[in-house]
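Novice: Here it is: the structure, laid out below.
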Amino acid sequence: MTSAPLRTAVIGYGLGGRVFHTPFLAASPDYSLDGVVTGSPSRADAVREQYGDIVIPDADALLARAGDFDVVVVTTPNATHAPLAHRALDAGLHVVVDKPFALTAADATALVEHAAAVGRTISVFHNRRWDGDFLTVRRVIAEGLLGEVRVFESAFEVWKPTLGAKKWKEGAAAADGGGVLFDLGPHVIDQALQLFGPVTEVHAELDARRDGAVADDDAFVTLRHANGVRSRLWTSLVAPSARPRFRVIGSSAVFATRGLDPQEAQLAGGAKPGDPGYGLEGAAVGVLSRPDAPDEELPLTAGDYPAFYRGFAAAVLSGAPVPVAPEDAVEVLRIIEEAHGQAR
């Protein structure tokens, strides 16, 4: 029987492995970080400096030692997520897959079925369910402060006016996992589904704005939910100034936030989970607006990305529900497929 700490390896040590996965695994008593796969000499040196001599040169070498591990985290280029996850499941490992779960809903469904067939736990790192501003939006809606919610606006926009060096991310076509809708889109779509449930209608406008872009870098998607709420979602790499991160319009009030959750910047700057101010220091401000009262600033809930790994450990060790059901990621990919289909 699997017991804590869960022996864990991370495949990939780019931004995802360095910022979004290894810090939580290293800080949690539920896990031991026992391997990091990277073929980059400079990244290997960074792993050794931070975590000791746990570098593994490639996925083949890791899977040859599968008996030394309980969990593998896949945080590699998008097109490799599903193939590596299948190999890890075949090796008897529990699996965390970074977003996007796969490149198609059919491929994602095959992963869900594979995990069930071999009796292993699989989940998807939709970490922005634990952004502090999103947690605050959930709270404001649940407390009925807006009346009946009618429109949900969510914008994840940054300013990167020239193509970056990551060919798998910005030099790949959408069919190969490139584009902003595969990068930031899973976050905003998943958040909308979490708040308002199933979708009956999708409309998408996708553009490639930058010189040399072969996939979308500017995307607008609207969703009509079965309950009547309309979600309007923007993701962009070419926004000189960003819209409000969230704007929720109800029958009696509007709630809006600006700026991004601070956890990514904190972690990239060397902060660790549990440090004073983690998840909150530098966070945006939430403003509640009513037609018959002055605007009111509301305190934001602290962000909590470590909650994902607490939940995944509970799922593996005691059979609790996974923190992100992989079926949720299948629904996200169905919407992305529909958006790409409209663009074609």
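Novice: Using a Förster distance of 35 Å, how high is the FRET efficiency between residue 290 and residue 325, based on the Cβ-Cβ distance and rounded to 0.05?
Specialist: Here the calculated transfer efficiency is 0.45.
Novice: If r is the Cβ-Cβ distance from residue 61 to residue 15 and R0 is 22 Å, what FRET efficiency results, to the nearest 0.05? Please list the in-between numbers first.
Specialist: Values: r = 23 Å, r/R0 = 1.03.
FRET efficiency, residue 61 to residue 15: 0.45.
Novice: Moving on. Toward the positive end of the charge dipole of segment 128-303, about the Cα centre and with charges on Cβ (Lys, Arg +1; Asp, Glu -1), which of 179, 241, 156 goes farthest?
Specialist: So the residue we want is 179.
Novice: Hey, any idea what % of segment 128-303's accessible area is carbon plus sulfur with a 1.4 Å probe?
Specialist: Its accessible area is 51 percent carbon and sulfur atoms.
Novice: Return, ordered by residue number, the residues of segment 281-306 whose backbone nitrogen is under 19 Å from a label point located 7 Å along Cα→Cβ of residue 258.
Specialist: Those under the cut-off are 281-290, 294-301.
Novice: Now, a different point. So, by mean Cβ neighbours within 10 angstrom, what's the order for 270-282, 208-220 with the highest one leading?
Specialist: Going by the mean number of other Cβ atoms within 10 Å, highest first, we get 208-220, 270-282.
Novice: Moving on to the next point. Report Rg(Cα)/(2.2 N^0.38 Å) for segment 128-303, keeping two decimals. Display every interim value, and only then the final one.
Specialist: Values: Rg = 17.0 Å, N = 176, 2.2 N^0.38 = 15.7 Å.
Its radius of gyration relative to the 2.2 N^0.38 Å reference: 1.08.
Novice: Alpha carbon centre of segment 221-247 versus segment 167-193: separation in Å?
Specialist: Distance between centres, Cα-based: 15 Å.
Novice: Calculated from DSSP H runs of 4 or more alone, at -39500 (n - 2.57) each and per residue, what is the 222 nm mean residue ellipticity of the chain, nearest 500?
Specialist: After summing the helix terms and dividing by the residues of the chain, the value is -9500 deg cm²/dmol.
Novice: With Rg and the Kirkwood Rh both taken from Cα atoms, where does Rg over Rh land for segment 237-344?
Specialist: Rounded to two decimals, Rg over Rh is 1.05.
Novice: Sticking with this structure for a sec: Nearest-5 percent of antiparallel DSSP beta bridges in the chain?
Specialist: Approximately 55 percent, going by the DSSP bridge assignments.
Novice: Would you mind calculating the gained length between residue 167 and residue 298 on full extension (0.36 nm times residue separation, minus the Cα-Cα distance), in nm to one decimal?
Specialist: 43.0 nm
Novice: Under a 1.4 Å probe, what is the accessible area of the chain per residue, stated in Å²? Display every interim value, and only then the final one.
Specialist: On the way: 14360 Å² over 344 residues.
About 42 Å² of surface per residue is accessible.
Novice: Express in nm, to one decimal, how much length is gained between residue 68 and residue 211 on full extension, taking 0.36 nm for each residue of separation and deducting their alpha carbon distance.
Specialist: Net length gain for the segment: 46.8 nm.
Novice: So between residue 344 and residue 201, what do we pick up on full extension, going 0.36 nm a residue minus the alpha carbon distance?
Specialist: My answer for the length gained is 49.7 nm.
Novice: Ok, one more. Taking the chain as the region of interest, what is the percent of Cα-Cα pairs per 20 angstrom bin, listed from the shortest bin to the one with the maximum distance?
Specialist: 30, 60, 10, 0
Novice: Next up: Using the beta-carbon distance between residue 2 and residue 113 and R0 = 30 Å, what value does 1/(1 + (r/R0)^6) give for FRET efficiency, to the nearest 0.05?
Specialist: After rounding, the FRET efficiency stands at 0.90.
The values are calculated or read from the model by the stated rules, or taken from the named source; none is laboratory data. Bear in mind that the values here come from a model prediction, so they are computed numbers and not experimental data. Backbone-built Cβ (ideal geometry, glycine too); neighbour counts: all protein chains shown. Areas reflect the complete protein model, heavy atoms only, side chains present, ligands, DNA and RNA absent. Shrake-Rupley method; radii C 1.70, N 1.55, O 1.52, S 1.80 Å.
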